[in-house]
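The values are calculated or read from the model by the stated rules, or taken from the named source; none is laboratory data. Please read these numbers as outputs of a predicted model, since none were measured by experiment. Neighbour counts run over all protein chains shown; Cβ positions are idealised from the backbone, glycine included.
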Amino acid sequence: MHSIPARLHLYKGDIKGIRHEASQSEYLKDEQLPDQLFSACDLNCSSSVFQVKFQLNNSRTKDRKPNCSGRGAACLDPRFIGADGIVFYFHGKCNQHFSLVSDLNLQINARFIGLRPAGRRRDYTWIQALGILFDSHSFSLVATPAAKWDDQVDHLKLSYDAQEILLPAGYPSSWASSTQDLKVEKTENRNSVIVILKQVAEISVNVVPVTKEEDRIHNYQIPSDNCFAHLEVQFRFFGLSSQVEGVLGRTYQPDFNNPAKPGVAMPVVGGEDKYRTSSLLSADCKSCLFSPVGLQQ
């Protein structure tokens, strides 16, 4: 039986060799190894082939964090990358909620926070929270406000069906719903998680502040009593319908024509009225498709 190195350094150039090595194993020879299981990260494994299989299919390393340059990303103020690979900005409005994804079995909303300095024509905004509806359940993930950023403090607050989730301290740690359809795993000691909605979606999340350098470059005029802690997010979806809607979701439609203007430094798209929801856990926007099953708002 061929062995697989205990430490795998996975970059694009390594994938072919790793596939060949894995295919020689009596454990893995009949298994498919889809591309999405491989990412540019280190996998710390034992020499056991079974352990490698477990790592590839089930475990998430500390490097499984949002790639803000990858498809399905929503970072910065907010900068999205659609399923088509096109970059666009959707600014929304400060202290309002918008549908990022709305499908028959899934609703993902975002709460935008921000500010509008004197003399500016629009709000500067960031994603402060995600609200997810699926089946008859709700899940929320919130970046808690902070005057000053402290990376020794966990700025994430999680709730499932209106009950707060308390993840065990340290890394690794995880939580799962009683039905095992939702799982949250830490990808770092603090401020980084991956949310796994079984057979529906994976959401990688970081909490970050607006940095002094970002403030200097963009002239946000961030006040001294608020670092605007917000989310960096990257979504992976499995089996979205062809009618899926939302600021980001519509880019997964097979015939979607992205309105973002090519060649523009900051291609901004509209749609605030179309995608606005009344709350973080509502599916009442004009384009929303989700039908809750006994969900209590």
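Laid out as a table, the results:
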| read-out | value |
| --- | --- |
| Any hit, region 160-175, residues being more than 29 Å from Leu104 (Cβ to Cβ) and touching a Pro at 6+ places or on another chain (Cβ under 9 Å) | no |
| Pair list, Cβ < 6 Å and 6+ apart or interchain, from region 217-229 residues that are in the same structural domain as Arg116 (by TED's automatic domain parsing) to residues that are assigned to a loop (DSSP other than H, G, I, E, B) and of a type in the set (A, V, I, L, M) | Ile222/Val210; Asp225/Ala147; Cys227/Ala146; Phe228/Val210; Ala229/Ala146 |
| Count of residues meeting criterion [modelled with pLDDT of 95 or more, of a type in the set (S, T, N, Q) and either surrounded by fewer than 15 Cβ atoms within 10 Å (Cβ to Cβ) or within 21 Å of the chain's Cα centre (by Cα) (or both)] in region 259-297 | 4 |
| Enumeration of residues in region 109-128 that are in a strand (DSSP E or B) and closer than 30 Å to Pro292 by Cβ | Asn109, Ala110, Arg111, Phe112, Ile113, Gly114, Thr125, Trp126, Ile127, Gln128 |
| Lone qualifier among Asp161, Asp150 - being loosely packed, with under 15 Cβ neighbours inside 10 Å, closer than 18 Å to Pro292 by Cα and charged (D, E, K, R) | Asp161 |
| Residues of region 184-208 classified as part of a strand (DSSP E or B) and of a type in the set (Lys, Arg), total | 1 |
| Cross-chain or 6+ apart pairs with Cβ under 6 Å, region 163-185 first and in the same structural domain as Leu141 (by TED's automatic domain parsing), then among the hydroxyl-bearing types (Ser, Thr, Tyr) | Leu167/Ser173; Glu185/Ser174 |
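Yes/no matrix, rows are residues, columns are (1) touching a Cys at 6+ places or on another chain (Cβ under 9 Å); (2) charged (D, E, K, R); (3) under 15 Å from Leu231 (Cβ atoms):
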site	(1), (2), (3)
Ser138	no, no, no
Lys157	no, yes, yes
Ile165	no, no, no
Pro172	no, no, no
Trp175	no, no, no
Val195	no, no, yes
